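Report on the structure given below.
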Amino acid sequence: MAIPAGFIGLGNMGNPMAGNVLKNGFPLTVYDKNPRTMENLLRSGAKGAASARQVAEAAEVVLTSLPGSPEVEALYLEPGGLVDVAKPGSVLVDLSSVLPSTPRKIEPRAKARGVQFLEAPVSGGVTGAQAATLAVMTGGDAAVLERVRPILQAIGPNIYHVGAVGNGNTVKAINNMMASVNSLAMMEGMVLGVKAGLDLKTLYEIVKASSGNSNALAKAPRNLIPRNFEPGFKVELMNKDLETFNAIAKELHVPVSFSNLAQRYQQAALAAGLGEQDTSVIYTIIERLAGVAR
């Protein structure tokens, strides 16, 4: 019999992840503060809940996908939160990208109530969430991972166990820092090329066939050339993840440079009111700085 699952937080990432859990045959109860985000899932057969408590009461495994540490800690740790209301023996799985200190606060509180907890931040963006191709970086008890692996496989085939809670979000912060730096280097190069009189599409094709190719280069035909900056992965979320990376680096006394430069671009985009746009919108910031007219 399929494991009864619950999903809380149905935003750009959470909604398609929940949809893929449902498509894979798991009975699903869903909740979000915005009822509209639940509508497509209810039409597909999910049960709607009026609160997070109702999800916890209905599910053996509850997955959460929220913007950041403040929201996750409020949902899990405040009086009457998930840790208090989850059924003993059930599993709580947080898919959010948060500070490593957040899952480290949650796990001992959950264990004290006989509830299992796993952190499982994901990477792959909205496209990966829709296609069920996400990478999942889990921290916590390996036995808990095996218990929920069938559900996690519904959202992505690449599931990694990286040790204790906190490690999963550390890996996620490292990945996003590297992705951000890579993308910004690509966009700086593209703006320089345009200002030098090169055709952006031609430049993309040449770099794609050369040593400068990378995953970031795919943003050129997807975002830069058509000037499509709909999220994707929002500027405000990348800024948060870079903040997490820099906080970890400070705590561990690791000197870092590129992440600080990358965050300056995110901050510039936030100051320009672009926080809700895809991170590729920073291309327009670089254009302005370079005096490239559009």
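Just a yes or no: is a residue in the stretch 191-209 assigned to a helix (DSSP H, G or I) and at pLDDT below 95? No, every residue in the stretch 191-209 fails to be assigned to a helix (DSSP H, G or I) and at pLDDT below 95. Only one of the numbered conditions (1) closer than 30 Å to residue 223 by Cα; (2) touching an Asp or Glu at 6+ places or on another chain (Cβ under 6 Å) is violated by residue 67, and that is (2).
Residues checked against (1) hydrophobic (A, V, I, L, M, F, W, C); (2) in contact (Cβ under 8 Å) with a residue 12 or more places away in the chain; (3) touching a Leu at 6+ places or on another chain (Cβ under 7 Å):
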| residue | (1), (2), (3) |
| --- | --- |
| 105 | no, yes, yes |
| 132 | yes, yes, no |
| 136 | yes, yes, yes |
| 155 | yes, yes, yes |
| 158 | no, yes, no |
| 168 | no, yes, no |
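In the set (1) buried (at least 17 other Cβ atoms within 10 Å of the Cβ); (2) within 21 Å of residue 106 (Cβ to Cβ), the condition left unmet by residue 160 is number (1). Mind checking which residues of the stretch 61-82 are over 18 Å from the mean Cα position of the chain (by Cα) and open to solvent by 70 Å² or more (accessible area, probe 1.4 Å)? Selection gives 78, 79. For the stretch 176-205, name all the residues that are surrounded by 14 or more Cβ atoms within 10 Å (Cβ to Cβ), in contact (Cβ under 8 Å) with a residue 12 or more places away in the chain, farther than 21 Å from residue 264 by Cβ and not aliphatic (A, V, I, L, M). The answer is 204, and nothing else. Considering only residues in the stretch 20-60 that are assigned to a helix (DSSP H, G or I) and either in contact with a His (Cβ under 6 Å, 6 or more places away or on another chain) or touching a residue at least 40 places away in the same chain (Cβ under 8 Å) (or both), the one that is farthest from residue 153 (Cα to Cα) turns out to be 52.
Of all residues in the stretch 83-99, those that are under 23 Å from the mean Cα position of the chain (by Cα) and open to solvent by less than 10 Å² (accessible area, probe 1.4 Å) total 8. Scanning the stretch 229-255 for residues that are loosely packed, with under 14 Cβ neighbours inside 10 Å and part of a loop (DSSP other than H, G, I, E, B) yields 230, 253, 254, 255. Those residues that are open to solvent by 20 Å² or more (accessible area, probe 1.4 Å) and touching a residue at least 12 places away in the same chain (Cβ under 8 Å), I need them from the stretch 107-118; list them, please. Of everything in the stretch 107-118, those that are open to solvent by 20 Å² or more (accessible area, probe 1.4 Å) and touching a residue at least 12 places away in the same chain (Cβ under 8 Å) turn out to be 107, 109, 113, 114, 116. Looking at this structure, is residue 154 open to solvent by less than 30 Å² (accessible area, probe 1.4 Å), hydrophobic (A, V, I, L, M, F, W, C) and not in a helix (DSSP H, G or I)? In short, yes.
The values are calculated or read from the model by the stated rules, or taken from the named source; none is laboratory data. These numbers come from a predicted model, not from an experiment. Ideal geometry is used to build each Cβ from the backbone, glycine not excepted, and the neighbour counts take in all protein chains shown. Accessible surface is based on the protein model in full, side chains and every heavy atom, while ligands, DNA and RNA are left aside. Shrake-Rupley method; radii C 1.70, N 1.55, O 1.52, S 1.80 Å.
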